[in-house]
Amino acid sequence: MANTTTLFASLGRLIKVRLTLTAKEQKLAKQERGIIQKMGRVLPRIGYRLEPLNGRPNKREGVRRKRALSKTLKCPKCDRRFSLQAHVARHLNAMHGKKANTRRKTKPAKS
């Protein structure tokens, strides 16, 4: 009987230690998530960004997806639509502007 009593006492201590370690692990994981969220807000300001190691964003880590901008601006020369004025200007220069391979007419040399 003495062996079973010491065995149950040891198991009781093991359960308490395991519960304590589990609580500490959860607390550390919460602190780590907080640090990662803070870094995720600070790093983009200086030109860096955090990416998960597995390549997929985890919604629990606070990764937000940006909404696509509505394409309300229309090209005046065709039917293409854009979300930003800079994109319209780039399109106009690339598609409807001067051709890069056209030569300018040169004045004939004076004799």
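Values quoted throughout were computed directly from the atomic coordinates according to the rules given, and no laboratory measurement underlies them. This structure is a prediction, so every number in the text was calculated from the model and none was measured. Neighbour counts are summed over all protein chains in view; Cβ atoms, including those assigned to glycine, are modelled from backbone coordinates with ideal geometry.
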Name the long-range amide H neighbours of L50: under 5 Å, sequence gap of 5 or more, or other chain; modelled H, no Pro or chain starts. none
Tell me, F8, F82 in order of fewest to most beta-carbon neighbours within 10 Å? F8, F82
How much length, in nm to one decimal, is gained on full extension between Q37 and A68, taken as 0.36 nm per residue of separation minus their Cα-Cα distance? 8.8 nm
